[in-house]
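Only the coordinates and a few stated rules stand behind these numbers; no lab work does. Quantities reported herein were computed from a predicted structural model and do not represent experimental measurements. Note: ideal-geometry Cβ built from the backbone for every residue, glycine included; neighbour counts use all protein chains shown.
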Amino acid sequence: MERSVSNVMGGLLEQRYRVDSVLARGGMSTVYRGRDTRLDREVAVKVMDPRLTADPAFVARFEREARASAQLHHPAVVSVHDQGVDGDQVYLVMELIDGGNLRDLLNQRGKLPPATALSVLGPVLSALGAAHRAGLVHRDVKPENVLIGSAGQVKVADFGLARAIGENGVTSDSEILGTVAYLSPEQVETGSADARSDVYSAGIVLYEMLAGQAPYRGDTPISVAYQHVSSDVPSVPGIPLALDTLVRKATRRDPALRPANADAFLAELERVGAELGLTPQPVPVPGTAPENDKTVVMRPVPVAVGATPVPVAEATTPVRKSAMTTVHTGPPTPAAATRTMPRPEQPRRRPPARRKKVDAAEEERKRKKRLMVIWGSVGAVVVLIAGLFTWYLSASRWTNVPEVSGQSEANATRLLSGADLTALVVREPSNTVPLGQVIRSEPGNGTELRKNESVKLIVSRGKPVVPFVNVGVEVEAATKEIEAVGLTAAKDPAKDAFHDTVPIGKVVALDPRPGTALEIGKPVTLVLSKGPAPRVTVPDLRGKKKDEAFAELQRLGLEPVEGGGQNGGNPDDLRVTRTDPAANTVLEVGSSKRVTVFFEDNSEIEVPDVTRKKVREAKEELERLGFRVEVEFNKSGNATVVNQDPQPRSKVKRGTEIKIFGL
């Protein structure tokens, strides 16, 4: 009878691990907060869904998570403490991370600043790099598997989908694992994955942190998966060009154009961060408010009155004396109050005086003269006022372009803003001016402009970078992209290569590789397709190092695969002993292009003592150390080894034949 979640919670697994509250649920398991009662510590317990325990393939994959994670001892990898089975419950006991995951942080804050995004991705790539060096692929890199602790530490969880490179996994190659929004194109098409697949998924996670959303969305998982295969990841708006270029490089559809593994991706991430001056930042813990989340209160700004008010002429009204008003200049005297004034004699009326005759023409002339004087005075005053007003306006509406050459874009923008000018940024490549510095301004320093006019800031993009082009594009399209960044497109028939799918004459690659910085005008060679190779001869690689052998095979369009003979030792000591198909084999059109390379270790190791052991056990031990074994006399696996050649504790090279004698 299957146990429900409620039955698991509160119980003890194998009388040791108490299962408490649910932390997270997934498609094949549930994670609980628990306690190791023996060591008295809090742990996370991942319990497999009881409905899947009847499937051996799912159980094997679940158990592989413990083995894969146990091989990784890295501070950014969630530790696995134990694995066990209790009845129908298959479980893992893991390190408990209090806090949340990157999905919680993105849901809370949307997109992250570039410096914070790089601080999150750095530990993720460091953890994936450790996995890739151990021959493991995560296969399910996504925000839900990036845990953030209460102190801001970043750790990668759920290596349950990891698979040893080259090992046959439990699932078939046609089964797609992982979350569709972060799957690489090769996982969608074939189900296969390698270190570059994790690089792609990490690049999508970086895109989402910078843009606030994943690049591909759709109504169904199939529509999202189709976009991974058929479309290039778009640019992230509003971020520096170097960082956007790195995102696009990590998410190229062709795995060969991506960084080879997480370590290579981390090295480029650190280079871009240093180039842009992005210093490491504390990683925010999900659920906590940002430190700079403060309410800004907008207050009205008082307007200072600095101008002198224009005086307004007051209207004057004349005061007239009344005819009946008596004006006293002093106090009345008693005499004046009692004395009766005698009646004055009436003067004799004289005949009215004869008015002089006025000349009408002279009066008109005087009137016009007075008007002329008045209007002349008014005009002079108007002209004076207009001149003063014009001078006032012009003096406050003009400014000068400040010196901005050599400044950073941010400083130059502030200088222009302080001069009441608007910055219009235009980017150009430059061989000498560092990335992000102002080359010049148009118009130049000291030019007088009206306030609020635009000034063009020519900002350096640094040296031109070879652009990314899609495999199979026309020569004209690739040429335009190359010339747009300030480089010159060139052709070299000697560098053209065979390609199984790209038609003859179409672009298959660029030389130098995309992302390479060159001086302005330098040539970039278009590597054109010569069509499918008619036949390929396997070269003789004996005695060559691994890197040399693999590079030669890839140049011929062959797919190198590691064979045996490389157990332990320094990789520089490995030398090719043979290939399968053998050297000088001609591979016809349509035949497999895979070539397995076998190595021999030139370093010397001590021969162990296998006498008195069963032949079967001795043979397994010697072969595990990289020796070839020849059994003499009694070859039965149950026979006892009575002698060996070379003798125990002698030092010989790996791959040496050891003879054991059974009896």
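Taking the Cβ-Cβ separation of Arg365 and Ile385 as r and a Förster radius of 35 Å, what is the calculated FRET efficiency to the nearest 0.05?
0.65
Can you list the residues, at least 5 places off or on another chain, whose amide H is less than 5 Å from the amide H of Phe498, using H built in the peptide plane?
Lys530
Need one word for the stretch 99-276: rounded, prolate or oblate. Basis is the Cα gyration tensor (sqrt eigenvalues a ≥ b ≥ c); a/c below 1.5 gives rounded, then a/b vs b/c decides.
Rounded is the answer for the stretch 99-276, as its axis ratio a/c remains below 1.5.
Under 1.5 on a/c is rounded, so check that first for the stretch 449-567, then, if it is not, pick prolate when a/b is larger than b/c and oblate when it is not; a ≥ b ≥ c are the square roots of the alpha carbon gyration tensor eigenvalues.
prolate
Once you sort the root eigenvalues of the Cα gyration tensor of the stretch 502-545 as a ≥ b ≥ c, which label holds: rounded (a/c under 1.5), prolate (a/b larger than b/c) or oblate (the other case)?
oblate
I need to check one value: relative contact order of the stretch 1-146, counting alpha carbon pairs closer than 8 Å and at least 6 residues apart, in percent. Don't skip to the end; give the middle numbers.
Values: 191 pairs, mean separation 24.8, N = 146.
Answer for the stretch 1-146 is 17 percent.
Among the trypsin sites (Lys or Arg not before Pro) within the stretch 407-470, which fall in a DSSP loop and have no more than 14 other Cβ atoms within 10 Å of their own Cβ?
Lys451
5 Å is the cut-off here: which amide hydrogens, built 1.01 Å from N in the peptide plane, fall below it relative to Arg440, excluding neighbours closer than 5 in sequence?
Correct list: Ile458.
Using Cβ contacts closer than 10 Å as the measure, can you line up Lys155, Lys46, Lys369, Lys491 from fewest to most?
Working: Lys155 22, Lys46 26, Lys369 10, Lys491 14.
Ranked by crowding around the Cβ, least crowded first: Lys369, Lys491, Lys155, Lys46.
Near Lys659, which lysines are there with a Cα under 24 Å away, not counting those fewer than 8 places off in the same chain?
Straight-line reach from Lys659, under 24 Å: Lys613, Lys614, Lys619, Lys635, Lys651.
Enumerate the amide H contacts of Arg578 below 5 Å, restricted to partners 5 or more residues apart or on another chain; note that Pro and chain-start residues carry no placed amide H.
When sequence neighbours closer than 5 places are left aside, the close amide H contacts are Phe598.
Note down the nm distance, to one decimal, between modelled labels 7 Å out along Cα→Cβ at Ala490 and at Arg103.
Between Ala490 and Arg103, the label points sit 5.1 nm apart.
Tabulate in residue order the Karplus-calculated ³J(HN,Hα) for the stretch 473-489, using 6.51 cos²θ - 1.76 cosθ + 1.60 with θ = phi - 60°, rounded to whole Hz; enter x for Gly and Pro.
6, 6, 4, 4, 5, 5, 4, 4, 5, 5, 5, 5, 9, x, 10, 10, 7
Over what distance in Å are the Cα centres of the stretch 81-135 and the stretch 526-556 separated?
Using only Cα atoms, the two centres lie 39 Å from each other.
What's the FRET efficiency of Val561 with Asp40 using the Cβ-Cβ distance as r and R₀ = 45 Å, to the nearest 0.05?
With R0 = 45 Å, the Cβ-Cβ based efficiency is 0.35.
Put a dot 7 Å past each Cα toward the Cβ at Ala582 and Gln554; how far apart are the dots in nm?
Here the modelled spin labels are 2.8 nm apart.
What is the fewest-to-most order of Leu371, Leu625, Leu416 by other Cβ atoms lying within 10 Å of their Cβ?
Ranked by crowding around the Cβ, least crowded first: Leu371, Leu625, Leu416.
Applying 1/(1 + (r/R0)^6) with R0 = 25 Å to the Cβ-Cβ distance of Glu453 and Ser405, what FRET efficiency is obtained, to the nearest 0.05?
Here the calculated transfer efficiency is 0.85.
For Asp540, Asp86, which order do you get if you count the other beta carbons within 10 Å of each Cβ and list the fewest first?
Lowest count first: Asp540, Asp86.
What distance in nm lies between label points placed 7 Å from Cα along the C-beta direction at Glu483 and Ala70?
If labels sit at Glu483 and Ala70, their model points lie 6.2 nm apart.
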